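Report on the following structure.
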Amino acid sequence: MAWSREIVELVRTHPAVTSGAVEPFAIPGFLSLGEVEALAAGSPLRIGAQDAFWDDGPYTGEVSPRQLAEYGVSLVEVGHAERRRLFGETDETVARKVDAVLAAGLTPLVCVGEPLEGDAHAAAEEVIRQLEASIGPALGAGREGRVLVAYEPVWAIGAAEPAPDAHIRTVCSALREALPRPGLASDSAVLYGGSAGPGLLTRIGDAVDGLFLGRFAHDPEAFGRILEEAGSTARACEDAARGARQRGGEEAR
Ligand SMILES: O=C(CO)COP(=O)(O)O
């Protein structure tokens with residue numbers, strides 16, 4: 001709660017957030033959701049849940065996306081590596097959860113990632129397959145909405161360092177290219193997670209839309225530094241896009 005209080009204060013006034021360039025979110029454990037949601041009410045901090053079940057029940061002990069929506073939650077994390085490894089989640093169960101989250105009008109944050117360190121192009125193929133298996137069925141059935149994809153190489157979670165910059169670039173660029181499709185909102189995005197911390201976004205910001213942070217944002221001061229970087233990265237990307245549009249206009253003339 002102390003962390004949440006500091007983060008809410010930070011994002012309320014930070015220019016990177018008030019300008020609309022950066023969209024911060026926090027995903028606390030279920031037991032803290034209500035309190036964090038109350039703290040964040042009226043602030044730009046969006047609140048997510050770490051998991052949800054795919055139906056309303058009766059499924060004793062499970063929490064459905066519709067219940068989370070009533071609670072003020074707007075994001076639901078689906079298919080985190082720990083859920084896949086320790087709780088038997090498969091692409092099929094992830095797909096059912098994505099469908100239920102979209103049906104409840106919430107945004108699924110779909111986690112994908114290759115289990116072992118290896119070739120970046122092979123990793124890109126693997127995660128695009130995971131993405132398709134996770135969101136394809138819901139979109140194919142006519143669901144619509146925004147999807148956030150968190151690319152988390154399993155071998156880089158809880159590690160000393162994130163995956164190498166070139167690896168992240170290759171995989172996230174491929175995911176960005178694979179993402180647009182009918183039914184998917186145009187503000188759908190690709191985030192990188194796995195030992196992400198200060199300094200990373202400045203290096204890879206042209207290849208990703210954001211970060212999915214764990215341990216290295218547990219210090220609010222580090223979160224603040226990353227927010228600064230996110231603001232500068234957003235400005236740099238806007239400038240680059242404006243330059244490209246101007247060059248395109250000159251060529252057209
Ligand atoms: O999986 C993650 C967050 O859920 C990543 O955690 P770390 O950044 O601590 O490796």
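Which residue, of Pro198, Pro182, is of a type outside the set (Val, Ile, Thr), modelled with pLDDT under 95 and out of contact with any Cys (no Cβ under 8 Å at 6 or more places or on another chain)?
Sole residue among the options that is of a type outside the set (Val, Ile, Thr), modelled with pLDDT under 95 and out of contact with any Cys (no Cβ under 8 Å at 6 or more places or on another chain): Pro182.
State all residues of the stretch 15-30 that are within 18 Å of Gly42 (Cβ to Cβ), over 16 Å from the mean Cα position of the chain (by Cα) and crowded, with 19+ Cβ neighbours inside 10 Å; if no residue qualifies, say none.
Result: Val17, single match.
Would it be correct to say that Gly145 is farther than 15 Å from Ala81 by Cα, more than 17 Å from the chain's Cα centre (by Cα), surrounded by 14 or more Cβ atoms within 10 Å (Cβ to Cβ) and more than 16 Å from the ligand (Cβ to nearest atom)? Working first, answer last.
Working: farther than 15 Å from Ala81 by Cα: yes; more than 17 Å from the chain's Cα centre (by Cα): no; surrounded by 14 or more Cβ atoms within 10 Å (Cβ to Cβ): yes; more than 16 Å from the ligand (Cβ to nearest atom): yes.
In short, no.
If you check Asp209 against the conditions, is it crowded, with 18+ Cβ neighbours inside 10 Å, charged (D, E, K, R), closer than 23 Å to Gly48 by Cα and away from the ligand (no atom under 16 Å from the Cβ)?
yes
Looking at (1) touching a helix residue (DSSP H, G or I) at 6+ places or on another chain (Cβ under 7 Å); (2) within 30 Å of Ser232 (Cα to Cα); (3) among the hydrophobic types (A, V, I, L, M, F, W, C), find the lone condition where Ala52 falls short.
(2)
Specify the residue that is nearest to Val208 (Cα to Cα); the eligible residues are those in the stretch 160-192 that are out of contact with any helix residue (DSSP H, G or I) (no Cβ under 9 Å at 6 or more places or on another chain) and surrounded by 13 or more Cβ atoms within 10 Å (Cβ to Cβ).
Among residues in the stretch 160-192 that are out of contact with any helix residue (DSSP H, G or I) (no Cβ under 9 Å at 6 or more places or on another chain) and surrounded by 13 or more Cβ atoms within 10 Å (Cβ to Cβ), the one nearest to Val208 (Cα to Cα) is Arg176.
Sort through Ala156, Ala234 and tell me the only one that's crowded, with 16+ Cβ neighbours inside 10 Å and either among the hydroxyl-bearing types (Ser, Thr, Tyr) or closer than 24 Å to Val8 by Cα (or both).
Ala234
As an exercise: evaluate Ala124 against (1) over 24 Å from Gly105 (Cβ atoms); (2) in contact with a strand residue (DSSP E or B) (Cβ under 7 Å, 6 or more places away or on another chain); (3) assigned to a helix (DSSP H, G or I) and give the number of the one condition it does not meet.
It is condition (2) that Ala124 fails.
Can you list the strands (runs of 3 or more DSSP E) found entirely within the stretch 142-252 that contain at least 1 residues being in contact with a Ser or Thr (Cβ under 7 Å, 6 or more places away or on another chain) and touching a residue at least 24 places away in the same chain (Cβ under 8 Å)?
Where strands (runs of 3 or more DSSP E) fall fully within the stretch 142-252 and carry at least 1 residues being in contact with a Ser or Thr (Cβ under 7 Å, 6 or more places away or on another chain) and touching a residue at least 24 places away in the same chain (Cβ under 8 Å), they are 148-151.
Can you pull out the helices (runs of 4 or more DSSP H) entirely within the stretch 63-116 that have at least 1 residues that are within 16 Å of the ligand (Cβ to nearest atom), without any contact (Cβ under 8 Å) to a residue 12 or more places away in the chain and not hydroxyl-bearing (Ser, Thr, Tyr)?
81-86
The values are calculated or read from the model by the stated rules, or taken from the named source; none is laboratory data. Since the structure is predicted, the reported quantities are computational estimates derived from the model, not experimental observations. Cβ: placed from backbone, ideal geometry, glycine included. Neighbour counts: every protein chain shown.
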